[in-house]
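Undergrad: Quick one: the structure is below, questions incoming.
All of the numbers you see were taken from the coordinates with simple rules; none came from a lab. Predicted model, so just to flag it, every value in this text is computed and none were measured. Positions of Cβ are backbone-derived with ideal geometry, glycine not excepted, and every protein chain shown enters the neighbour counts.
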Amino acid sequence: EQWIHEMKIPITGMQLIAQSVERVLFYARLGSVEKDYLVTEVSLKACALEVLAQSKQFLIQNNACIHTEGLVDMVYSDQKWLQSMLNQILMNSVKYRSGRPLVIDLASRDQGDYVTLSVTDNGMGVKESELGRVFDKGFVGSNGRAGKNATGIGLYLCDQLCTKMGISIEMQSKVGEYTTVLFHFPKSNAWRISDSYKSVR
């Protein structure tokens, strides 16, 4: 038991290092998305399950309960980049979990001209006054300042990548109850990567 307790510290350290490396690679590739992008029809459920499989041990260690039954739609996107963004959102859910057992629900919905992917957790939540700034570069918010090792880069990278890919991203939250990140995917496979950002909100 003592050995297990002592091993938690280096294991946690290695996980933080791995997350940091992944974020650096994510950031480095961001400037060349157009050169490393393949649009295909992607199953949101298959995409999410692969991300969950890669993060299985980390999620189990943090007693996370994941629901994917609501993932039923297909979208046109680059699977690798989409998985990078989903991984970032899942890591945030773990980082900002509350005292309750962590539950994360992934679901999709056909909205007509676009498909929405939602990732909802029952964590700490975000103050209403901070929701408009969560995608700003370097913004950590009150939760991040409360010893959560936040950098203010993860959500910024997701927002920048979504902009380049023609996807809309937004966050909804209520302190102490939930946080939901929404990705809105255009239904057409004819659109091209652009630096213009068309919101479907």
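Undergrad: Obtain the nm distance between the two label points defined at Glu177 and Thr151 by a simple spin-label model: each point lies 7 Å from its Cα along the Cα-to-C-beta direction.
TA: About 3.3 nm separates the two model spin labels.
Undergrad: Using a 10 Å cut-off on Cβ atoms, rank the peptides 93-105, 77-89 from the highest mean neighbour count down.
TA: In decreasing order of mean packing, 93-105, 77-89 become 77-89, 93-105.
Undergrad: Whole-Hz Karplus ³J(HN,Hα) for segment 179-186, in order, using 6.51 cos²θ - 1.76 cosθ + 1.60 and θ = phi - 60°, x for Gly and Pro?
TA: Taking θ as phi minus 60°, the curve returns 9, 10, 9, 10, 10, 10, 9, x Hz for segment 179-186.
Undergrad: Residues with beta-carbon under 13 Å from that of Asp136, excluding Asp136: net charge, scoring Lys, Arg +1 and Asp, Glu -1?
TA: Its environment carries a net charge of 0.
Undergrad: On to the next question. Taking the Cα atoms of segment 114-154 alone, what are Rg (to one decimal) and Dmax (as a whole number) in Å?
TA: For segment 114-154, the Cα-based Rg and Dmax read 11.7, 38 Å.
Undergrad: If amide hydrogens are placed 1.01 Å from N in the peptide plane, which non-local residues have theirs closer than 5 Å to the one on Gly166?
TA: Amide H neighbours of Gly166: Ser194.
Undergrad: Take the residue pairs Lys45/Lys95; Lys137/Lys174; Lys127/Lys187 and return only those whose Cα atoms are more than 28 Å apart.
TA: Lys127/Lys187
Undergrad: Turning to a different aspect of this structure: What is the Cα radius of gyration of segment 41-166 over 2.2 N^0.38 Å, N being its residue count?
TA: Rounded to two decimals, the normalised Rg is 1.06.
Undergrad: Using the Karplus curve 6.51 cos²θ - 1.76 cosθ + 1.60 with θ = phi - 60°, work out ³J(HN,Hα) for each residue of segment 93-100 in order, rounded to whole Hz, and write x for Gly and Pro.
TA: Whole-Hz 3J(HN,Hα) from phi for segment 93-100: 4, 5, 4, 9, 5, 9, x, 7.
Undergrad: Once phi is turned into θ = phi - 60°, what whole-Hz ³J(HN,Hα) does the Karplus curve with 6.51, -1.76 and 1.60 give for every residue of segment 47-55, x standing for Gly and Pro?
TA: With coefficients 6.51, -1.76 and 1.60, one gets 4, 5, 5, 5, 4, 5, 5, 5, 9 Hz.
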